[in-house]
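**Student:** If you scroll down you'll find the structure; I have some questions about it.
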Amino acid sequence: MCEEPADPRQVAQAAPRPVTGQAADPITLEPVDEVVITTLVDNVYDALLTGDARTTRAPFSAGRARAPQFESGSTTVGLMAEHGFSALVSVRRGTTTTTLLFDTGLSPDAMVTNASRLGTDLSQVQAVVLSHGHFDHAGGLAGLAGRQGTRSLPMVIHPLIWTRRRLAVPGREPEEMPTLSRRALESEGFALIERRQPSLLADGCVLITGEVDRTTDFEHGMPPAHQAWTGSQWDPDPLVADDQALVVNVRGRGLMVLTGCGHAGAINIVRYAQRLTAVPTLHALLGGLHLSGPAFEPVISPTISALTEMAPALVVPGHCTGWRAQHGLAAALPDAWVAGSSGSSFRLTAA
């Protein structure tokens, strides 16, 4: 589908453009002493991965489940993996720690099940951030609401998160994606905070980028089959304009950037975070980079080239990054690249 000729309207939609709204840079992003990112849901769960000084892996045995075919009547279980992403972010500045939930995975139960098996108390979450409206990042909200009270729990979102979308692949029947319901979320008690522009959370220690500037010449977004409903017709939606990232400034080291799918483009996102904060160093990049499949393979090489120039200390690509990009990143950044997996935690500390 990426080989179809694009009409002028599609070209205009995918062209680099500034973010909507008043300029908001530079932003004073307070440096933190420690940030721990725990992947609650990813496409992969590998119980044999080993950790290191900054990486903690989930135990091989993460719980027990009833299984009558065994002598004991039960068996060891690991963690759930699915085509989705969710991460718990704990930020410490001095003696104050703030815990945020970034995305919630695909299914209602994977995130809460994994959190339970890891011994993670989701009642300590102080706010939810959704990277964008795609259902593989918001499906776990049902499980979160069902397992614990969410009354007045803040949720930071982009206003276009309610957009109806579908995949209209040539030769197939169009498939509409599940669309988030404002009414349902509000009835569950989530306090919705809609922002196109950047937001500062946790006393200025966490930046939510809001809508990201598109400035590179190679990150063009989704192919024409990804469409949005305008109210009267389905149009190509290459930008996924509600895509946003979470950014932390690790004292003396630089920025930690966490993406959901990275629909705005990994390099666009990092450069935007650098511009907003006036912090030039990228210390770590984690999350989905959306470089999987034929439509995105041409983007892999320039992405790796630009990222290599930034020389991050840690790169943990996950979710929709794809195996070709994973191999390329591992080869280009052997000291920084680390395999992701459901249940892995990454601890970044001040210099």
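**Student:** Helix-only mean residue ellipticity at 222 nm, the chain, DSSP H runs n ≥ 4 weighted -39,500 (n - 2.57), per residue, nearest 500. What is it?
**Tutor:** Helix-only estimate at 222 nm: -5000 deg cm²/dmol.
**Student:** Which of these, 87, 311, 284, has the largest mean-square fluctuation under a Gaussian network model of the chain (Cα springs below 10 Å)?
**Tutor:** 311
**Student:** Taking amide H positions as placed 1.01 Å from N in the peptide plane, with prolines and chain starts having none, which residues 5 or more places from residue 64, or on another chain, fall under 5 Å of its amide H?
**Tutor:** Amide H neighbours of residue 64, under 5 Å, 5+ apart: 77.
**Student:** How high is the relative contact order of the stretch 224-286, in percent, with contacts defined as C-alpha pairs under 8 Å that are six or more residues apart?
**Tutor:** 28 percent
**Student:** Shifting gears a bit: Summarise the accessible area of the chain (1.4 Å probe, protein heavy atoms) by the percent that is carbon and sulfur.
**Tutor:** Carbon and sulfur atoms account for 52 percent of the accessible area of the chain.
**Student:** Now a separate question. Using a cut-off of 10 Å between beta-carbons, work out the net charge of the residues near residue 81 (Lys and Arg +1, Asp and Glu -1, residue 81 not included).
**Tutor:** My count for the surroundings of residue 81 gives -3.
**Student:** Compute a Gaussian network model of the chain, connecting alpha carbons closer than 10 Å, and tell me which residue from 245, 266, 336 fluctuates the most.
**Tutor:** Looking only at 245, 266, 336, the biggest GNM fluctuation is shown by 336.
**Student:** For the stretch 191-300, what is the accessible area per residue in Å² when the probe is 1.4 Å?
**Tutor:** 30 Å²
**Student:** Looking at the chain, send over the antiparallel percent of its DSSP beta bridges, to the nearest 5.
**Tutor:** Given both bridge residues lie in the chain, the antiparallel proportion sits at roughly 65 percent.
**Student:** Here is a follow-up. What's the longest bit of the chain with no exposed GluC sites (Glu not before Pro), using DSSP loop states and at most 14 other Cβ atoms within 10 Å as the test?
**Tutor:** For GluC sites (Glu not before Pro) (loop position, at most 14 other Cβ atoms within 10 Å), the longest site-free span of the chain is 72-351.
**Student:** Cα centroid distance between the stretch 173-231 and the stretch 283-351, in Å?
**Tutor:** One Cα centre to the other: 22 Å.
**Student:** Follow-up question, since we're still on this one. Any idea what the relative contact order of the chain is, in percent, if you count C-alpha pairs under 8 Å spaced at least 6 apart?
**Tutor:** 22 percent
**Student:** Please find the FRET efficiency linking residue 335 to residue 28, where r is the Cβ-Cβ separation and R0 is fixed at 22 Å, and quote it to the nearest 0.05.
**Tutor:** That gives a FRET efficiency of 0.10.
**Student:** Still on this structure, please answer the following. Rounded to the nearest 0.05, what FRET efficiency is calculated for residue 235 and residue 278 with R0 set to 35 Å and r the Cβ-Cβ distance?
**Tutor:** Rounded to the nearest 0.05, the efficiency is 0.45.
**Student:** On to the next question. Just to be sure I understand: with springs between alpha-carbon atoms less than 10 Å apart, which residue in 64, 253, 164 has the highest mean-square fluctuation in the Gaussian network model of the chain?
**Tutor:** Comparing 64, 253, 164 in a Gaussian network model of the chain, the most mobile one is 64.
**Student:** Report the equivalent ellipsoid semi-axes for the chain in whole Å, largest first, defined as the square roots of five times the eigenvalues of the gyration tensor built from alpha carbon atoms.
**Tutor:** Whole-Å semi-axes of the equivalent ellipsoid: 29, 25, 22.
**Student:** Moving on. Which whole DSSP H helices in the chain pass both tests: a Cα extent of 20 Å or more along the axis and a mean Kyte-Doolittle value no lower than 0.0?
**Tutor:** 297-310
The values are calculated or read from the model by the stated rules, or taken from the named source; none is laboratory data. What you are looking at is a predicted structure, and each value in this text was computed from that prediction instead of being measured. Quick reminder, even Gly has a Cβ in these numbers, built from the backbone with ideal geometry, and neighbours come from all protein chains shown. SASA here: full protein model, heavy atoms, side chains in, ligands and nucleic acids out. Shrake-Rupley method; radii C 1.70, N 1.55, O 1.52, S 1.80 Å.
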